[in-house]
Amino acid sequence: MLPQNMGSETNIKLPFSFVFFSLIALVLSQILLLLKGNLMVDGSFRIPAIWSSAHLLVLGWALMAAMGAMYQLVPVAFLTNIWNEKFGFVQFLITAAGIATFSGMLYWSPQRALIPGILTLLGILMFLFQMFMTLKRQAKPTILTAFVGSALVCLFITIFMGITLIYCLKTGIGIEYYQVIFKTHLLFGLTGWFTLLIFGFSYKMVPMFSLSHGFPMVHARYVYGMYVSGLIITMISFSTNNHVLLKMGFFLLLAGFSVFSWHIKIVIKKRLKKKLDKPFTFALVAIGFGNAIHFAAFILLWTSSSSTLAAPLIYSYILLWIVLSIVSYLYKIVPFLWWTYKYSKKIGKSKVPSLKEMMNERIVVPVFSLFIAAVLIVFCGLIFKIAILFNTGQFILSILFIIIALSILSVLKK
Amino acid sequence: MKLKEKILNELKTVYDPELNINVVDLGLIYHIEVSADADVRITMTLTTPGCPLHDSITSGVRYCVEGMEETQKVEVNLVWEPAWSPEKMTPEGLKALGR
């Protein structure tokens, strides 16, 4: 039997601290990319400014936003309180200091990024410990626990590989394995951590935001099995340099993602809410993009241009799947946090606004549509090596990110 | 009007902030018991066990009924059996969802 008082209200200052930091990191990463991104057009991805921007975006924004969202959603999805909120605040301070100095060092002096990297690692390890202790309290683990738990394991591997990369760079030891470690770092960071996490929470949020009822959940097991097998086989293919295994791994990743898309379609068909909220609709659009990019990545393995198109595909995967999903869900999560803080003691006593009234939804369709268009422009700029396309798309993106950040923050005025 | 009906009517002012539908039309209120001393016990559910607005909605129901002059002590009993289903919604609730 489920406990009566599940106390789903986390101290909102905790998730909000992460979300605030993430929004600032998002804007900074885009400005940096705008200033130094022209080098990317020539195929120069592995330069300090791009490392710095990429880590500000992936660690500073996406990881911090994901951590903030997890501090809010884990108690809700797993019906358990956060293990220790004070520990959470300390973890925030350490991780924020670590990511800020790490991104700075990657820009100014990559050889000195080891110490800030270790500080970031410590913050992330503290987060993993916090989540491990929280999930341990869950009375009955579900398939969502498998997705989120595996995502956390992937996050640990990603960070471990990242620190190993810096160590190789600094000491020269194991430099012959640099490529293998780098590919594994990307694989587990993007498809492991973020995708598994979005899958897991989508199974909670999609039915919740669409009020779906009576849908099957058996597909989720196949999604998990195929996607995790795909990750493991792809990782093995990197270390053995086996192209057949790589194709197998990518096929399983594509199959897992496709079953997930199909499953979400079934859930949406069973919805009671006829008209879906606009930000949530874009979270569903992001699933389509993620699936299409997995398909393109698998097809590219059979062509000779896979190495040249890898970077533009990874870029579009980050922006059109991970970033679009997180931004769309932030438009739902942030109003909820603020509403809980401001109105949870007033409901039943006086008239309170609905969550929909907390956010200006009118800008969502034009801003998100332009966002998709701008990413596609940058994508074309990277593929065809046309600087003007890249710069135009990136300029629009930077402006849009600032609008999105301000629009999300505007909820605080409500 | 009987006190039970009055309470039910009053509860129509408590809205699920995500769906913007009141708890009565949403079919969340299962049972209202009123004792001879006007103590009230409300048995209710939520659309899903992991509802993020769990505390807010149940507190809202309690605050609302506590605010009525005719009532004394108010207790909210949250249950998951029988589970909520769309059939428990009123025609007004379904209409608000576009059905």
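Rule-based calculations on the coordinates, nothing more; no lab input. From a predicted model like this one, the values you see are computed outputs, not experimental measurements. Note that each Cβ is placed from the backbone with ideal geometry, even for glycine, and that neighbours are counted across all protein chains shown.
Worth pointing out:
- Applying both filters, DSSP loop and at most 14 other Cβ atoms within 10 Å, to the chymotrypsin sites (Phe, Trp or Tyr not before Pro) of region B:1-91 gives B:80.
- Where a label projected 7 Å from the Cα of residue A:295 along Cα→Cβ would reach, residues of region A:245-270 with amide N under 17 Å: A:250-266
- With only the Cα atoms considered, region A:262-328 has a convex hull volume of 74 Å³ per residue.
- In sequence order, region A:342-354 has phi-based couplings of 8, 10, 5, 8, 9, 4, x, 9, 9, 6, 10, x, 7 Hz under the Karplus curve 6.51 cos²θ - 1.76 cosθ + 1.60, θ = phi - 60°, and Gly or Pro positions carry x.
- In Hz, Karplus ³J(HN,Hα) per residue of region A:391-398 (6.51, -1.76, 1.60; θ = phi - 60°; x = Gly, Pro): 5, 5, x, 5, 5, 4, 4, 4
- Peptide-level mean, for B:9-17, of C-beta atoms on other protein chains within 10 Å: 4
- For region A:200-276, the relative contact order comes to 47 percent (Cα pairs under 8 Å, sequence separation of at least 6).
- Computed extension length for residue A:241-residue A:169: 23.8 nm, one decimal, from 0.36 nm per residue of separation with the Cα-Cα distance subtracted.
- Degrees between helix A:364-384 axis and first principal axis of chain A (Cα, 0 to 90, nearest 10): 10
- Percent of Cα pairs exceeding the 17 Å cut-off, where the set is region B:3-84: 38
- Percent of C-alpha pairs per 5 Å bin, region A:156-276, short to long: 2, 11, 17, 17, 14, 12, 9, 7, 5, 3, 1, 1
- Residue A:112/residue A:302 FRET efficiency (R0 45 Å; Cβ-Cβ; nearest 0.05): 0.60
- Within 10 Å of each Cβ in A:70-79, the average number of Cβ atoms from other chains: 2
- Taking one quarter of the surface of the convex hull spanned by the alpha-carbon atoms of chain A gives a direction-averaged projected area of 19.7 nm².
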